[in-house]
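The values are calculated or read from the model by the stated rules, or taken from the named source; none is laboratory data. Small disclaimer: the values here were computed from a predicted structure and weren't measured. Please note: Cβ atoms are built from the backbone with ideal geometry, for glycine as well, and neighbour counts cover all protein chains shown. Heavy atoms of the whole protein, side chains included, go into the accessibility calculation; ligands, DNA and RNA do not. Shrake-Rupley method; radii C 1.70, N 1.55, O 1.52, S 1.80 Å.
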Amino acid sequence: TDKIEEVRVRGLWAGVQLKESAGPARPYCYALKERGMLCKDTHTYTIRLAPPLVITREQLDWAMDQLEAVLA
């Protein structure tokens, strides 16, 4: 999407850096919570994703669908 500036990944941890024009990350985190996905806003424009190590491929796919829908 045009709202993402950069995605940083280390293992399962990910930071989705939003462009300033997309606004702060917190409203997106609240929208994801309403869809059943927990994440954390950090450094104003970053959505931090830290899934459990036992997450399945299906759960990862579902989470990415939720993120895509909220950022659309």
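Tabulated results
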{"item": "Extent along principal axes [Cα atoms of the chain; Å; largest to smallest]", "result": "34, 25, 18"}
{"item": "Probe 1.4 Å, accessible area per residue of the chain, Å²", "result": "70 Å²"}
{"item": "Accessible surface of Glu68 - all protein chains present, 1.4 Å probe, nearest 10 Å²", "result": "120 Å²"}
{"item": "Estimated inter-spin distance, Asp65 and Asp2, nm [label 7 Å along Cα→Cβ]", "result": "2.7 nm"}
{"item": "Pairwise centroid distance, computed over Cα atoms, of segment 21-40 with segment 41-72, Å", "result": "10 Å"}
{"item": "Share of carbon and sulfur in the accessible heavy-atom surface of the chain [1.4 Å probe, %]", "result": "54 percent"}
{"item": "Karplus 3J(HN,Hα) series, Hz, for segment 46-62 with 6.51 cos²θ - 1.76 cosθ + 1.60 (x for Gly, Pro)", "result": "10, 9, 9, 10, 9, x, x, 5, 8, 5, 8, 4, 5, 5, 5, 4, 4"}
{"item": "³J(HN,Hα), Karplus 6.51/-1.76/1.60, whole Hz, each residue of segment 34-42, x for Gly, Pro", "result": "4, 8, x, 10, 9, 8, 10, 7, 8"}
{"item": "Virtual spin-label span in nm between Val9 and His43, 7 Å along Cα→Cβ", "result": "1.8 nm"}
{"item": "18 Å Cα-Cα reach of Lys19 towards lysines, excluding residues that sit fewer than 8 places from it in its own chain", "result": "Lys3, Lys40"}
{"item": "With all protein chains modelled, accessible area of Ile4 [1.4 Å, Å²]", "result": "50 Å²"}
{"item": "Charge dipole (debye, nearest 20) of the chain; +1 at Cβ of Lys and Arg, -1 at Cβ of Asp and Glu", "result": "280 debye"}
